[in-house]
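What follows is a short report on a single structure.
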Amino acid sequence: MDFTHFIGIDVSKETLDFSVLKTGDLLFHLQVENSLKGIKKFMNHLRKSDNKADRFLFCVEHTGVYNYHLLEYITAHELDIWVESASRIKASGGLQRGKNDKVDSFRIAQYAYKNKEYAKLWQAPREVIIQLKRLLAMRQRCVNLKKQASVPVNENVSFSSKSLSKLEARLFKQTLIALDKDLKGIEKSIKQIIDSDQELKRLFSLMVSISGIGPVIAAHVLVLTNEFKDFNNAKKFACFAGVVPFDHSSGKSIKGKPRVSHLAHKGIKYLLHMAAISVIRLGGELSDYFIRKVASGKNKMLILNAIRNKLVHRIFAVVRNGAPYQQNYKNHLFMS
């Protein structure tokens, strides 16, 4: 679709800053409150300023929950919006001086205009995915709180008197019991949501058929891929997760080893790392692969990263084929 107006939006907790470009030129800027009322005010102003404005491309950075009202309005009115990472927009802007909400919204609008051919329109997730995302965020907060409460207590045993260590353990005991109870309740709710939806249950069961892929990582993949609608192949998701090594060389002067990018989703990267360690300990094909590569002199972290990458490809393979993972699968076409 050919867009006539490119609208950059800088989002904060209290306000939304809109910058509207028409054929590359700034039409106007408007700041409104971050609410449905404020968004309606902007839309009225837009139509008054140009009564032919009907082909919009909204562009906004990922800002989590602060985007809620905007995305709700966009979905309800079937408008086009591009939700892009802040780092990608910043990297495309070149050398920049100064920063405020008005300037940021203008830069986002410029990004949308210059890169309109590569626009990736946002697809609204279903309500079950939104619920699952919130529950997973709650679970992570609960896990973090448990670590904060338990790790210092365990560490102080070696450096404090027995009486003080016992006192700390006793005082934190009820807190840890409560956190464990909350964690179990959250995980139960996650399972109930997945089991109650036929499509989620199908995708989930396919993923957990892979050795090393447990319920937590499978649930996160469902949310991050938007049920595999936002990512259609393993390579793209592997790049997103930061498990793809890239060359680091230039002419004869720079000959670095291939390495993964720091521009990655740190949460899923960590989960994939833990899954790789788990699958090595479980034994089997990937464990044998790890032992074989270590014996040949390969760096352990490089091998672990290769296993993370293999796990991503297996996830997308079972979803693409619609069949559980077969541990000892053999392709009979190549068997004599």
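The values are calculated or read from the model by the stated rules, or taken from the named source; none is laboratory data. Note that the structure is a prediction, hence the values are computed from the model and not measured. Every residue, glycine as well, gets a Cβ built from its backbone with ideal geometry; the counts of neighbours run over all protein chains shown.
Only residues that are free of Cβ contacts under 8 Å to residues at least 12 places away in the same chain and among the hydrophobic types (A, V, I, L, M, F, W, C) were counted in the stretch 60-113, giving 5.
A residue that is assigned to a helix (DSSP H, G or I), buried (at least 16 other Cβ atoms within 10 Å of the Cβ) and not assigned by TED's automatic domain parsing to the domain that holds Lys133 occurs somewhere in the stretch 48-66.
Scanning the stretch 1-24 turns up one or more residues that are in contact with a helix residue (DSSP H, G or I) (Cβ under 6 Å, 6 or more places away or on another chain) and of a type in the set (S, T, N, Q). So, of the residues in the stretch 295-330 that are surrounded by 12 or more Cβ atoms within 10 Å (Cβ to Cβ) and assigned to a loop (DSSP other than H, G, I, E, B), which turns out to be farthest from the chain's Cα centre (by Cα)? The extreme case among them is Lys298. Every listed requirement among (1) farther than 24 Å from Val223 by Cα; (2) charged (D, E, K, R); (3) at pLDDT 95 or above is met by Lys184 save one, (1).
For (1) out of contact with any Cys (no Cβ under 6 Å at 6 or more places or on another chain); (2) at pLDDT 95 or above; (3) outside any strand (DSSP E or B); (4) surrounded by fewer than 17 Cβ atoms within 10 Å (Cβ to Cβ), each residue gets a yes or a no:
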position: Met1; (1), (2), (3), (4): yes, no, yes, yes
position: Gly8; (1), (2), (3), (4): no, yes, no, no
position: Phe18; (1), (2), (3), (4): yes, yes, no, no
position: Phe28; (1), (2), (3), (4): yes, no, no, yes
position: Ile39; (1), (2), (3), (4): yes, yes, yes, no
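For the stretch 273-284, enumerate the residues that are assigned to a helix (DSSP H, G or I), surrounded by 12 or more Cβ atoms within 10 Å (Cβ to Cβ) and not hydrophobic (A, V, I, L, M, F, W, C). Selection gives His273, Ser278. Given the condition within 17 Å of Arg314 (Cβ to Cβ), of a type outside the set (Asp, Glu) and not in a helix (DSSP H, G or I), answer yes or no: does some residue in the stretch 216-228 qualify? Yes.
Helices (runs of 4 or more DSSP H) fully within the stretch 104-214 that include at least 3 residues being in contact with a strand residue (DSSP E or B) (Cβ under 9 Å, 6 or more places away or on another chain), at positive phi and not assigned by TED's automatic domain parsing to the domain that holds Phe56: none found. Residue count for the stretch 60-119 satisfying the condition of being under 25 Å from Asp25 (Cβ atoms) and either of a type in the set (Phe, Trp, Tyr) or at pLDDT below 90 (or both): 20. Quick one: would you say Gly24 is touching a Phe, Trp or Tyr at 6+ places or on another chain (Cβ under 9 Å) and at pLDDT below 90? For Gly24, the condition - touching a Phe, Trp or Tyr at 6+ places or on another chain (Cβ under 9 Å) and at pLDDT below 90 - is met.
Report yes if Asp247 is exposed (fewer than 13 other Cβ atoms within 10 Å of the Cβ), in a helix (DSSP H, G or I) and modelled with pLDDT under 95, otherwise no. No; evaluated as a whole, the condition is false for this residue.
Return yes when Lys13 is at pLDDT 85 or above, out of contact with any Cys (no Cβ under 7 Å at 6 or more places or on another chain) and either assigned to a helix (DSSP H, G or I) or among the hydrophobic types (A, V, I, L, M, F, W, C) (or both) and no when it is not. Answer is no for this residue.
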